[in-house]
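Data first, discussion second: the structure below is written as structure tokens.
The values are calculated or read from the model by the stated rules, or taken from the named source; none is laboratory data. Since the model is a prediction, treat every value here as computed from it, not as a measurement. Here Cβ is always computed from backbone atoms with ideal geometry, including for glycine, and neighbour counts include all displayed protein chains.
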Ligand SMILES: [Fe+2]
Ligand SMILES: [Fe+2]
């Protein structure tokens, strides 16, 4: 007997906005004046005002993957997923015990549980439109498709690394990219850990072999997150979860969340395997490229052990996941599962593209900000925001290109984790292209800025 769809959908999706608003208005998520988050993994700015603008009844559409609605959804999803992992501050819980209790406690947990499936649908339903896998696939077809996508990745351009190399301030650009990697780097393999339980034969043991490498074979100093933090430290960047929360972009957030999404729901297990096999395969060459770029920017003034470790071990993981998991599962479970393995490969490839495009676009815009000074057009409806020195700092983006103009007082425009704040006096205006992440903080006791859809306004330099 089929399950009654009305019972399954007992929480209508149009109620999602109300549940999400209740979550984001919790004191843990309403922010603080500082740009970076302190060593407290339970507090992260979810920008309730920006969340309130989003219509949650209409899932993200193709082409919206790195826009404002995507940013809002993926900040929430990332918070939901990490609340299902164990986060403890390095300095000890001490005075944060109350925040721990609240973050993991019954109230927020019930809101998460009541929202998660609908929010996943909101954020990832577009994958069904973007990727179409039809027809009969054999194991040989799967192997050929995998080799094709891997070869394409090997010969393709790493858009973010190109943007770093071309930047006027390559150090700042390189930090922006590092910070995007921190999203996964500081909690590495947490999604993978959700696929280790159960009983699925030799492929389960092969996956465990990959997993235990990510955990340094139980040696904390060798754990990938530990060596990732060494890289951050060598750039004088903060190393705690998630100091740079305000600077994670929608594309990287979506990529990270995707692995949680297909790991939480084991109906998507074969998609996960396709995706993780693709990721492990393309990591090694991409870290070789990253080493080249970062040595070019920083010389010996950066610790690239993390990249060297991955350039080495992911060549090995690429082989294990392809031969001992992906192709082995296809052989064992047959044609019924192969289209899902293919779908996972295609999805990981697509999401990797979102990560690169979004990060490269942010690097370029932030680096060329001076060219985006715009005339302050006082036509059209404006959204006005008042700030004081005590206002919580948050970042956001818009689904349309907007002009941000200071109308009263003085402000600073922040566009990246280590980018110099851009001073904005009364009357100054900057063009913010659709999808670009920015935040303003007051540089006078109080200031007011406006946000208008840009229409025909073009950057002053063009
Ligand atoms: Fe790793
Ligand atoms: Fe790996």
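Contact annotation: residue pairs with Cβ atoms under 8 Å, 6 or more positions apart or on different chains, pairing a residue in segment 59-70 that is farther than 17 Å from residue 47 by Cβ with a partner that is in a loop (DSSP other than H, G, I, E, B), are 59/125; 60/67; 60/125; 64/399.
Filter segment 202-222 for residues that are outside any helix (DSSP H, G or I) and crowded, with 18+ Cβ neighbours inside 10 Å and give the result. Within segment 202-222, just 215 meets the criteria. The requirement of being in contact (Cβ under 8 Å) with a residue 24 or more places away in the chain, buried (at least 19 other Cβ atoms within 10 Å of the Cβ) and within 16 Å of ligand 2 (Cβ to nearest atom) is fulfilled somewhere in segment 323-332, by at least one residue. Where helices (runs of 4 or more DSSP H) fall wholly inside segment 246-322, the ranges with 1 or more residues that are within 30 Å of residue 113 (Cα to Cα) and more than 16 Å from ligand 2 (Cβ to nearest atom) are 250-264, 269-298. In the condition set (1) away from ligand 1 (no atom under 13 Å from the Cβ); (2) under 20 Å from residue 317 (Cβ atoms); (3) assigned to a loop (DSSP other than H, G, I, E, B), residue 147 is compliant with all but (3). If you go through segment 114-133 and keep only what is touching a residue at least 60 places away in the same chain (Cβ under 8 Å) and not in a helix (DSSP H, G or I), you end up with 125, 131, 133.
Determine whether residue 178 is within 16 Å of ligand 1 (Cβ to nearest atom), more than 30 Å from residue 57 (Cβ to Cβ) and in contact with a helix residue (DSSP H, G or I) (Cβ under 9 Å, 6 or more places away or on another chain).
Details: within 16 Å of ligand 1 (Cβ to nearest atom): yes; more than 30 Å from residue 57 (Cβ to Cβ): yes; in contact with a helix residue (DSSP H, G or I) (Cβ under 9 Å, 6 or more places away or on another chain): yes.
Taking the combined requirement at face value, the residue satisfies it.
Restricting the search to segment 343-391, which residues are under 27 Å from the mean Cα position of the chain (by Cα), in a loop (DSSP other than H, G, I, E, B) and surrounded by 15 or more Cβ atoms within 10 Å (Cβ to Cβ)? Matches in segment 343-391: 391 only. Within the span defined as segment 225-232, one or more residues are surrounded by fewer than 21 Cβ atoms within 10 Å (Cβ to Cβ), modelled with pLDDT of 95 or more and not assigned by TED's automatic domain parsing to the domain that holds residue 68. Condition check for residue 242 on (1) away from ligand 1 (no atom under 16 Å from the Cβ); (2) assigned to a helix (DSSP H, G or I); (3) under 23 Å from the mean Cα position of the chain (by Cα): one failure, at (2).
If you go through segment 196-217 and pick out every residue that is within 15 Å of ligand 1 (Cβ to nearest atom) and either at negative phi or in contact with a helix residue (DSSP H, G or I) (Cβ under 7 Å, 6 or more places away or on another chain) (or both), you end up with 10. Flag set for residue 238, criterion: under 18 Å from residue 173 (Cα atoms) and either modelled with pLDDT of 95 or more or in contact with a strand residue (DSSP E or B) (Cβ under 8 Å, 6 or more places away or on another chain) (or both).
Within the set 294, 258, 278, the sole residue that is within 16 Å of ligand 1 (Cβ to nearest atom) and either in contact with a helix residue (DSSP H, G or I) (Cβ under 7 Å, 6 or more places away or on another chain) or in the same structural domain as residue 176 (by TED's automatic domain parsing) (or both) turns out to be 278. Of the residues making up segment 417-441, those that are part of a loop (DSSP other than H, G, I, E, B) and farther than 19 Å from residue 243 by Cβ are 425, 426, 427, 428, 433, 434, 435, 436. Among the residues of segment 410-428, the ones that are out of contact with any helix residue (DSSP H, G or I) (no Cβ under 9 Å at 6 or more places or on another chain) and farther than 16 Å from residue 371 by Cα come to 6 in all. For residue 168, the conditions (1) under 20 Å from residue 348 (Cα atoms); (2) in a loop (DSSP other than H, G, I, E, B); (3) in contact with a helix residue (DSSP H, G or I) (Cβ under 8 Å, 6 or more places away or on another chain) all hold with the exception of (1).
I'd like to verify a number: residues in segment 297-323 that are more than 16 Å from ligand 1 (Cβ to nearest atom) and under 17 Å from residue 145 (Cα atoms), how many? Looking only at that region, the number is 2. Scanning segment 8-41 for residues that are at pLDDT below 95 and surrounded by 16 or more Cβ atoms within 10 Å (Cβ to Cβ) gives a single hit, 13.
Would you mind finding the one in 266, 312 that is under 25 Å from residue 127 (Cβ atoms) and surrounded by fewer than 17 Cβ atoms within 10 Å (Cβ to Cβ)?
Numbers: 312 fails: under 25 Å from residue 127 (Cβ atoms).
The unique qualifying residue is 266.
Residues in segment 167-176: is at least one more than 20 Å from the chain's Cα centre (by Cα), at pLDDT below 95 and either surrounded by fewer than 18 Cβ atoms within 10 Å (Cβ to Cβ) or not assigned by TED's automatic domain parsing to the domain that holds residue 419 (or both)?
No: zero hits.
For segment 345-363, check the following and say yes or no: at least one residue is without any contact (Cβ under 8 Å) to a residue 40 or more places away in the chain and within 16 Å of ligand 2 (Cβ to nearest atom). No, because not a single residue in segment 345-363 is without any contact (Cβ under 8 Å) to a residue 40 or more places away in the chain and within 16 Å of ligand 2 (Cβ to nearest atom). Go through segment 39-98 and count every residue that is outside any helix (DSSP H, G or I), under 23 Å from residue 350 (Cα atoms) and more than 13 Å from the chain's Cα centre (by Cα). Count: 7.
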